[in-house]
1. Which order do peptides 39-45, 12-18 fall in by mean Cβ count within 10 Å, highest first?
2. Summing -39500 (n - 2.57) over the DSSP H runs of n ≥ 4 in the chain and dividing by its residue number, what mean residue ellipticity at 222 nm do you reach, to the nearest 500 deg cm²/dmol?
3. Check which residues have an amide H placed less than 5 Å from CYS56's amide H, if you skip close sequence neighbours.
4. Find the relative contact order for the chain and round it to a whole percent, using C-alpha pairs within less than 8 Å whose residues are 6+ positions apart.
5. Given a 10 angstrom Cα cut-off, can you work out which residue in LYS67, LYS88, LYS28 is the most mobile in a GNM of the chain?
6. For the residue pair PHE33 and ASN102, what label-to-label distance in nm results when each label sits 7 Å from Cα along the Cα-to-beta-carbon direction?
7. Among ALA50, ALA11, ALA27, determine the one that fluctuates most according to a GNM of the chain built with springs between C-alpha atoms less than 10 Å apart.
8. Please work out the C-alpha center-to-center distance from the stretch 55-83 to the stretch 1-53 and express it in whole Å.
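FYI, it's all coordinate maths here, none of it is from the lab. Here the structure is a predicted model, which means the values were calculated and not measured. Note: ideal-geometry Cβ built from the backbone for every residue, glycine included; neighbour counts use all protein chains shown.
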Amino acid sequence: MTNVTAAIGVAQMENLESILLNKRETAKLYSEFFKNLETKFITEQPNVKANYWLNCIRLKNREERDKFLEETNSNGVMTRPIWRLMNKLEMYKECQTGNLYNSVKLEETVVNIPSGYRI
């Protein structure tokens, strides 16, 4: 790690509490927005305090996900599908996998939504 990178890290740590508060406030706004919609905003589990580094929603199926992605991105809201499963990456395609039903379902329905620090 370079000195500059370390200095930035130290400065960020000094602001960590306010950064986390900002992220949790963003998640609260999303939770309120999506609460009466069929789209599910993914929230923290009981007895867990999430940092909401990345906010996600879950749609009904891949078709709805793709429609949502097209609509938001064409209107200037950058969204993207959750990451591809590692076993689908070229370098891992020959690796052994088990039943990935739940992982595949999440890959087809979860979308990452804007999660940056709000000013």
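1. 39-45, 12-18
2. Here the helix-only value at 222 nm equals -14000 deg cm²/dmol.
3. It is ILE42, ILE113, by chain and number.
4. 30
5. Highest fluctuation of the listed residues: LYS88.
6. The modelled label-to-label distance comes out at 2.8 nm.
7. Comparing ALA50, ALA11, ALA27 in a Gaussian network model of the chain, the most mobile one is ALA11.
8. Here the answer is 20 Å between Cα centres.
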